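For reference, the structure is listed below as structure tokens.
The values are calculated or read from the model by the stated rules, or taken from the named source; none is laboratory data. Remember, predicted model here, so these are calculated numbers, not experimental data. Note that each Cβ is placed from the backbone with ideal geometry, even for glycine, and that neighbours are counted across all protein chains shown. Keep in mind that these areas ignore ligands, DNA and RNA; they rest on the heavy atoms of the full protein, side chains included. Shrake-Rupley method; radii C 1.70, N 1.55, O 1.52, S 1.80 Å.
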Amino acid sequence: AQTVTQSQPEMSVQEAETVTLSCTYDTSENNYYLFWYKQPPSRQMILVIRQEAYKQQNATENRFSVNFQKAAKSFSLKISDSQLGDTAMYFCAFMKGDLGGSEKLVFGKGTKLTVNP
Amino acid sequence: NAGVTQTPKFQVLKTGQSMTLQCAQDMNHEYMSWYRQDPGMGLRLIHYSVGAGITDQGEVPNGYNVSRSTTEDFPLRLLSAAPSQTSVYFCASSYLTEQYFGPGTRLTVT
């Protein structure tokens, strides 16, 4: 079974600064996907970024980037130039790579990020 | 395109009552799933379906039933609600790695 661990229940950062959220996972699979989801107070789950395990290049989406260390099973999220709208819960999630019936997500417990003005 | 819709948005039940949480999607996705979110626990998979007529259990299936008679709909049934089922429930549909979440239902069981 896969597990996802987020060791930081809460974090805070000043507006315009950079913050890194940690995530580690455990799996025996070689082919898989990793995700970061954002959940603002509205409760909506929003995909922030996705990483395919077979890709060595770290994924980036505007101010969001990941540091994917496959051997260490680590998948951290860096938010640059933090904005007040980044205040939210952030969930790291794992999906096995054998799609077609296995699109199940395993989530970490989340990190509550607060961006202070 | 409405995406994934869930009804109701909020619900209060008494212990022992039954109810059905509705979920519908208009994207013709084969895969649909139900998660529950509890404080400090992240989201946990309750049941999922890989197509009409096919359902399977996730991590926390006890106390919940599902059926999938059409591609569009995937209702979640609580036959006898318990306080431990107080949670926020999310339905999702997916195509490959793209997961589309509904807005959630906040359920309180007293």
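For region B:1-83, I need the span (max minus min coordinate) of the C-alpha atoms along each principal axis, in Å, sorted largest to smallest.
Over region B:1-83, Cα extents along the principal axes are 35, 25, 24 Å.
Find the relative contact order for region B:28-86 and round it to a whole percent, using C-alpha pairs within less than 8 Å whose residues are 6+ positions apart.
Details: 103 pairs, mean separation 15.5, N = 59.
Taking the mean separation of contacting Cα pairs over the length of region B:28-86, I get 26 percent.
Which of A:N67, A:Y90, A:Q56 sits closest to the plus end of the dipole of region A:48-92, meaning its Cα is farthest towards the positive end, when Lys and Arg get +1 and Asp and Glu get -1 on the C-beta?
A:Q56
Give the whole-number value, in cubic angstrom per residue, of the convex hull volume spanned by the C-alpha atoms of the protein assembly as shown.
That works out to 122 Å³ per residue.
Quick one: if you stick a label point 7 Å off each Cα along the C-beta vector at A:N58 and B:S69, how many nm between them?
5.1
Please give the residues of region B:58-77, grouped as numeric ranges, whose backbone N is less than 19 Å from a label point set 7 Å along the Cα-to-Cβ vector of B:A2.
Residues B:67-77 qualify, since their backbone N sits under 19 Å from the label point.
Within a 10 angstrom radius of each residue's Cβ in B:92-99, how many Cβ atoms of other chains show up on average? Whole number is fine. Walk me through the numbers on the way to the answer.
Details: counts 3, 1, 5, 2, 5, 10, 3, 10.
Shielding by partners across B:92-99 averages 5.
What residues qualify as long-range amide H neighbours of B:Q17, i.e. H under 5 Å apart, gap of 5 or more or another chain, H built at 1.01 Å from N?
B:A81
Say we join alpha carbon atoms closer than 10 Å with springs in a Gaussian network model of chain B; which of B:Y48, B:Y64, B:Y35 then has the biggest fluctuation?
Per the Cα network of chain B with a 10 Å cutoff, B:Y64 tops the list.
In Å, the Kirkwood hydrodynamic radius of chain A over pairs of distinct alpha carbons?
Hydrodynamic radius (Kirkwood, Cα only) of chain A equals 14.4 Å.
Using a probe of 1.4 angstrom, how much of the accessible area of chain B is carbon and sulfur, in percent?
51
At 1.4 Å probe radius, can you tell me the per residue accessible area of the protein assembly as shown in Å²?
47
So between A:A1 and A:K112, what do we pick up on full extension, going 0.36 nm a residue minus the alpha carbon distance?
Net length gain for the segment: 37.4 nm.
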